[in-house]
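Q: Encoded as structure tokens, here's the structure I'll be asking about.
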Amino acid sequence: MKVLVVGNGGREHALAWKLLNSPQVEQVFCAPGNAGTAAMAGCQNLPLAVDDFAGIRDFALANGIELVVVGPELPLSLGIVDYLRANQIMVFGPNQAGAQLEASKSWAKALMVEAGIPTAASATFTREEAAQAKAYVQQQGAPVVVKADGLAAGKGVCVARTVAEAEEAIESSFSGQFGAAGNIVVIEEFLTGQEASILALTDGEVIAPLLPAQDHKAIGEGDTGPNTGGMGAYAPTPVITPELMTQVQTEILEPTLATLRRRGIDYTGVIYAGLMISPTGEIKVLEFNCRFGDPETQAILPLLETPLDELMVACCSKSLAQLLPIRFLPEAAACVVMAAGGYPGDYEKGKIITGLEAANATGAQVFHAGTQLQGENIVTSGGRVLGVTATGATFAEALRRAYAAVDCIHFDGAYYRRDIGYRVTT
């Protein structure tokens, strides 16, 4: 099988790596890929942007691509799945209608209410309703959560600790900080507890969760400071017990899929539920995403035993039930993100990265995110640069191995959190 992975981040490197682990996958192409995918045996980067639908279609048809895997949310929201399927190309991911689950937080909120899914109380406001939005915040008080409605690369959420901070977040969103994605804001009650990420595969008829993961979104240690796209993750998080996973399946995943079907949406691919688990064990959905999480994918896939290509093809061909239950290794995995100095604000690019071979020699897997080749050097090209992942019999062992590999790597201004997984090691 020849597979084409759309995207250029750490998630896509992990997907390509896992697909190449299957004896049935002969070659993987990445559009556009990064320096890490370029260096993998059996993998080739393509000079195609994620929204170059015609270019991706033409390459797939001319080169016998049997499966296209879409990594990022942007091309999904733009309708890449509908476009490729219209050209008889098998593609893993939801169609444009289904991708609204992530592309519009207000749309997803309405779906949750319709499905009876537990979620935070909220209100939605347009740019023209800025005064009403601020009045709502003043009425609710702080802390409160302000979210840009559309896609904002993981940076459209502000947990406002004061009313003034919430009002500033509303003004920033409506002033164009996130482009059209910020023309609508969703203001939610602030929930306390531990977050967890449930990535589930579905063929539109059945839905099956992968291992539960926990992501560290905040830039600062102790989960402080502004949110990022994710500074690290580990799996399987013990905050999701087997009993809670059953509850997630019956009260969240299955009702979501049933409501999508009732709306006439044939959803295939990944439904990613971001959850908050309260101190008393109550579960509420913070948000839905329509694709694999990043960096959760880097922590989950190393533990997956069932071949990833088989699961994806089964989702595309309505036969996922035949592969259940999904099999996993009885181990732990941890991913530490190395970011550019200044991220998630302004940061510099073009910093030479050294020590990658030494890091891989430790037994860890270094997934590239914001990297590119520049002559003979690998240099930084994004905010989140690398995802250093390791497995072990325990979380402590997995984290020790991951940080040992991190210590081998250098680039000017490199920043990473030193407390990834602190909830399971302290």
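Q: How much of the DSSP bridge set in the chain is antiparallel, in percent, rounded to the nearest 5?
A: Details: 61 of 77 bridges.
DSSP beta bridges in the chain are roughly 80 percent antiparallel.
Q: Let me ask something else. Just tell me the longest site-free run in the chain, where the sites are trypsin sites (Lys or Arg not before Pro) in a DSSP loop having at most 15 other beta-carbon atoms within 10 Å. Can you show the working numbers first?
A: Values: sites that count: 161, 263, 318, 327, 349, 418.
The reported range is 1-160.
Q: Quote to one decimal, in nm, the extra length available between residue 44 and residue 407 on full extension: 0.36 nm per residue of separation minus the C-alpha distance between them. Intermediate results must be reported in sequence, preceding the final value.
A: Numbers: separation 363, 0.36 × 363 = 130.68 nm, distance 2.87 nm.
Roughly 127.8 nm would be gained on extension.
Q: At a temperature of 20 °C and a viscosity of 1.002 mPa s, determine how fast segment 263-331 diffuses translationally according to Stokes-Einstein, using the Kirkwood radius over alpha-carbon pairs as Rh; express D in µm²/s, rounded to the nearest whole number.
A: Values: Rh = 14.2 Å.
In µm²/s, the coefficient is 151.
Q: Further, regarding this structure: Quick one: plug the Kirkwood hydrodynamic radius of the chain (C-alpha pairs) into Stokes-Einstein at 25 °C, 0.890 mPa s, and report D in µm²/s.
A: Working: Rh = 21.7 Å.
Calculated translational D: 113 µm²/s.
Q: Next question, about the same structure. Under 25 Å from the Cα of residue 109, which lysines turn up, not counting those fewer than eight places away in the same chain?
A: Answer for residue 109, where 25 Å is the Cα cut-off: 134, 147, 155, 217, 284, listed by chain and number.
Q: What ranking of 410, 368 emerges when the number of other C-beta atoms within 10 Å of each C-beta is taken as an exposure proxy, fewest first? Before the final figure, lay out each step's value.
A: Working: 410 14, 368 28.
If I rank by nearby Cβ atoms, fewest first, I get 410, 368.
Q: How high is the relative contact order of segment 2-85, in percent, with contacts defined as C-alpha pairs under 8 Å that are six or more residues apart? Could the numbers behind the result be given before it?
A: Working: 134 pairs, mean separation 28.3, N = 84.
This gives 34 percent for segment 2-85.
Q: Can you give me the orientation-averaged projected area of the convex hull built on the Cα atoms of segment 1-57, in nm²? Don't skip to the answer; put the middle values down first.
A: Values: hull surface 13.8 nm².
Reported value for the Cα convex hull: 3.4 nm².
Q: Something else now. Explain nothing, just the number: relative contact order of the chain, from Cα pairs under 8 Å at least 6 residues apart, as a whole percent. It would help to have the intermediate numbers written out before the result.
A: Values: 1008 pairs, mean separation 67.9, N = 426.
After rounding, I find 16 percent.
Q: In addition: Determine the principal axes of the Cα atoms in segment 332-425, then give the extent along each, sorted from largest to smallest and rounded to whole angstroms.
A: Extents along the principal axes: 39, 29, 16 Å.
Q: So if the hydrodynamic radius of segment 122-189 is defined as the Kirkwood radius over C-alpha pairs, what does Stokes-Einstein give as its diffusion coefficient at 4 °C and 1.567 mPa s, in µm² per second?
A: Details: Rh = 11.2 Å.
For the chosen part, D equals 116 µm²/s.
Q: If one computes the Cα centroid of segment 357-426 and of segment 240-285, what distance in Å separates the two points?
A: With segment 357-426 and segment 240-285 each reduced to a Cα centre, they are spaced 31 Å.
Q: Counting only residues 5 or more places away or on other chains, whose amide H sits under 5 Å from the amide H of residue 70 once H atoms are built in the peptide plane?
A: 6, 92
Q: Using each residue's phi in segment 112-122, evaluate 6.51 cos²θ - 1.76 cosθ + 1.60 at θ = phi - 60° and report the 3J(HN,Hα) Karplus result to the nearest Hz, with x for Gly and Pro.
A: 4, 4, 4, 7, x, 8, x, 7, 5, 5, 8
Q: What 222 nm value per residue comes from the helices of the chain, counting each DSSP H run with n ≥ 4 as -39,500 (n - 2.57) and dividing by all residues, nearest 500 deg cm²/dmol? Please report the intermediate quantities before stating the final value.
A: On the way: 16 runs with 132 residues, N = 426.
Calculated at 222 nm, the ellipticity per residue is -8500 deg cm²/dmol.
Q: Can you sort 187, 326, 265, 271 from fewest to most other Cβ atoms within 10 Å of each residue's own Cβ? Numbers along the way, then the final one.
A: Working: 187 23, 326 16, 265 19, 271 26.
With the fewest neighbours first, 187, 326, 265, 271 line up as 326, 265, 187, 271.
Q: Segment 87-136 to segment 1-19: how many Å between their Cα centroids?
A: If we compute the Cα centre of each part, the gap is 27 Å.
Q: Also: Ranking 106, 22, 278 by Cβ neighbours within 10 Å, fewest first, what do you get? Could the numbers behind the result be given before it?
A: On the way: 106 19, 22 16, 278 12.
If I rank by nearby Cβ atoms, fewest first, I get 278, 22, 106.
Q: Also, quick follow-up: What's the Cα-based Rg to Rh of segment 25-130, Rh via Kirkwood?
A: Working: Rg = 17.7 Å, Rh = 16.0 Å.
Taking Rh as the inverse mean 1/r over Cα pairs, Rg/Rh reads 1.11.
Q: Give me the Å³ per residue figure for the convex hull around the C-alpha atoms of segment 150-275. Mind showing how you got there, number by number?
A: Details: hull volume 16.7 nm³, N = 126.
With only Cα atoms used, segment 150-275 gives 133 Å³ per residue.
Q: Taking only Cα atoms of segment 77-134, what ratio of Rg to Rh do you get with Rh as the Kirkwood inverse-distance radius? Intermediate values should be presented prior to the final figure.
A: Details: Rg = 15.7 Å, Rh = 13.6 Å.
Radius of gyration relative to Kirkwood radius: 1.15.
Q: About the Cα centre, and with charges only on the beta carbon of Lys, Arg (+1) and Asp, Glu (-1), how big is the dipole of the chain? Nearest 20 debye, please. If you can, show how the numbers build up before the last one.
A: Values: 28 positive and 45 negative charges, 29 e Å.
The calculated dipole for the chain is roughly 140 debye.
Q: Still on this structure: Only four residue types carry charge here, +1 at the Cβ of Lys and Arg and -1 at the Cβ of Asp and Glu. Report the dipole size of segment 267-330 about the Cα centre in Debye, rounded to the nearest 20.
A: Values: 4 positive and 7 negative charges, 34 e Å.
Charge dipole of segment 267-330: 160 debye, to the nearest 20.
Q: Say the dipole of the chain comes from +1 at the beta carbon of Lys and Arg and -1 at that of Asp and Glu; which of 15, 323, 352 then lies farthest toward its positive end?
A: 323
Q: Then there's this: Give the relative contact order (percent, whole number) for segment 303-426; include only Cα pairs under 8 Å separated by 6+ residues.
A: Numbers: 226 pairs, mean separation 37.5, N = 124.
Over segment 303-426, the number comes to 30 percent.
Q: Residue by residue through segment 133-150, what is 3J(HN,Hα) from phi via Karplus (6.51 cos²θ - 1.76 cosθ + 1.60, θ = phi - 60°)? Round to whole Hz and write x for glycine and proline.
A: 4, 5, 5, 5, 4, 4, 6, 6, x, 10, x, 8, 10, 10, 10, 5, 5, x
Each value in this text was obtained by applying a stated rule to the coordinates, not by laboratory testing. All figures in this text were calculated on a predicted structure; none of them were measured in a lab. Neighbour counts are summed over all protein chains in view; Cβ atoms, including those assigned to glycine, are modelled from backbone coordinates with ideal geometry.
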